[in-house]
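*Asks:* Shown below is the structure under consideration.
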Amino acid sequence: MVSIDYVVLTWNSASTLELALSSIRNYGRPNRIIVVDKHSTDRTTAIAGKYGCEVISSGTGLGAARRLGAREARTDLIAFVDSDVELLPEWEEVLQACADRRYPDAGVIGALYNDDYLRPATVPASFLGGNGAFGCSVTRRRCVLACTALDSLSSGEDALYAEFLAKKSLRWYILPVYVNHHRELGNVPDTLRWRWLGAGLRLRKGFRASICKSILGGAVAGLRMNGLDISYRENLTLRLNYFIGYMLPGRYFEIDREKRRS
């Protein structure tokens with residue numbers, strides 16, 4: 001099996017971190033676990049210490065923190081597992097796909113969040129310039145280090161990374177493997193999450209009338225965001241919050257887990 005360092009980003013993540021770290025120990029076959037912590041004021045760093053993690057304190061955003069974790073890693077392959085993600089035994093399939101070089105053009109091999117609004121996947125998916133979730137993925141350390149633009153983003157950094165990989169003809173593979181995503185324990189409303197994602201799009205792409213038209217037109221026409229299996233009303237609410245974040249990136253670029261503003 002491959003040797004792999006894990007990078008976990010934290011920011012007042014005590015409510016979910018133990019689940020994440022114990023699952024990495026149980027199913028991830030980690031060489032090391034590196035926690036990049038954004039000056040948490042709860043028990044986050046104590047929990048990381050309990051699991052023997054190397055803890056790095058940094059006030060940077062998500063993209064820069066991912067590169068910081070990659071710099072500290074010692075293995076060619078590194079895994080990013082977010083602090084609210086719990087690996088399951090099926091994660092072994094992701095590790096095996098990396099070990100046997102099943103996809104020679106893979107820049108990322110990842111899993112899926114088990115959110116209720118996702119349609120069940122039965123076959124691997126492959127994207128050139130598209131992406132899955134950074135928070136349950138395996139990639140090459142050298143690719144993360146080379147993608148210096150990650151330093152500027154804290155939302156949509158996965159999409160930026162996928163575009164970077166595409167320029168190198170590398171794909172983002174998503175296997176029909178699921179992980180538990182414990183968002184409900186983080187006390188961050190879905191409305192705020194989508195505003196945060198909208199803010200990330202604005203910072204990554206800038207303001208474009210065509211993007212506004214696409215977001216709002218999709219809301220009216222009922223075009224499901226990311227193909228999610230949700231109702232017209234749910235899609236309308238989601239897109240409107242995404243648009244609010246896109247229009248107000250200065251306010252919604254970061255999720256503050258202490259204030260949890262909506």
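Any read-out appearing in this document is the output of simple, stated calculations on the displayed coordinates, not a laboratory observation. Computed from a predicted model, the values in this text were never measured in an experiment. No Cβ is skipped: glycine too gets one built from the backbone with ideal geometry, and neighbour counts run over all protein chains shown.
*Asks:* Arrange the peptides 213-219, 100-106 so that the one whose residues have, on average, the most other Cβ atoms within 10 Å appears first.
*Replies:* In descending order of packing, they fall as 213-219, 100-106.
*Asks:* If you don't mind, there's one more thing I want to ask. With charges set only on the Cβ (+1 for Lys and Arg, -1 for Asp and Glu), what does the dipole of region 116-214 come to about its Cα centre, in debye to the nearest 20?
*Replies:* In debye, rounded to 20, region 116-214 gives about 420.
*Asks:* With charges only on Cβ, +1 for K and R and -1 for D and E, what is the dipole size of the chain about its Cα centre, in debye, rounded to 20?
*Replies:* Working: 35 positive and 28 negative charges, 191 e Å.
Using only the charged Cβ atoms, the result is roughly 920 debye.
*Asks:* Quick check on the chain: helices-only [θ] at 222 nm, where DSSP H runs of length 4 and up contribute -39,500 (n - 2.57) each and the sum goes over total residues. Nearest 500, please.
*Replies:* -12000 deg cm²/dmol
*Asks:* What shape does region 1-68 have by the C-alpha gyration tensor, where a ≥ b ≥ c are the square roots of the eigenvalues, rounded means a/c under 1.5, and otherwise prolate means a/b greater than b/c and oblate the rest?
*Replies:* oblate
*Asks:* Can you pull out the chymotrypsin sites (Phe, Trp or Tyr not before Pro) in region 1-47 that DSSP calls coil and that have at most 16 other Cβ atoms within 10 Å?
*Replies:* Hits after loop and neighbour filter: nothing returned.
*Asks:* So, one more: Out of all DSSP beta bridges with both ends in region 4-184, state the antiparallel percent to the nearest 5.
*Replies:* Rounded to the nearest five, the antiparallel share is 40 percent.
*Asks:* Pairs on different chains or at least eight residues apart, Cα atoms closer than 19 Å: how many lysine pairs in the chain fit?
*Replies:* 4
*Asks:* Here's a follow-up. Quick check for me: using +1 on Lys/Arg Cβ and -1 on Asp/Glu Cβ, what's the dipole size of region 187-252 about its Cα centre, in debye to the nearest 20?
*Replies:* Around 300 debye, computed over region 187-252.
*Asks:* Hey, another quick one. Taking the dipole about the Cα centre of region 4-184, with the C-beta of Lys and Arg at +1 and of Asp and Glu at -1, give me whichever of T60, T10, C136 is farthest to the positive side.
*Replies:* Toward the positive end, the furthest listed residue is T60.
*Asks:* Please report T237, T16 as a ranked list, fewest other C-beta atoms within 10 angstrom at the top and most at the bottom. Don't skip to the end; give the middle numbers.
*Replies:* Details: T237 16, T16 23.
With the fewest neighbours first, T237, T16 line up as T237, T16.
*Asks:* Residue farthest toward the positive end of the dipole of the chain, with Cβ of Lys/Arg at +1 and Asp/Glu at -1: which of V94, G69, S210?
*Replies:* Ranked along the dipole, the leading option is S210.
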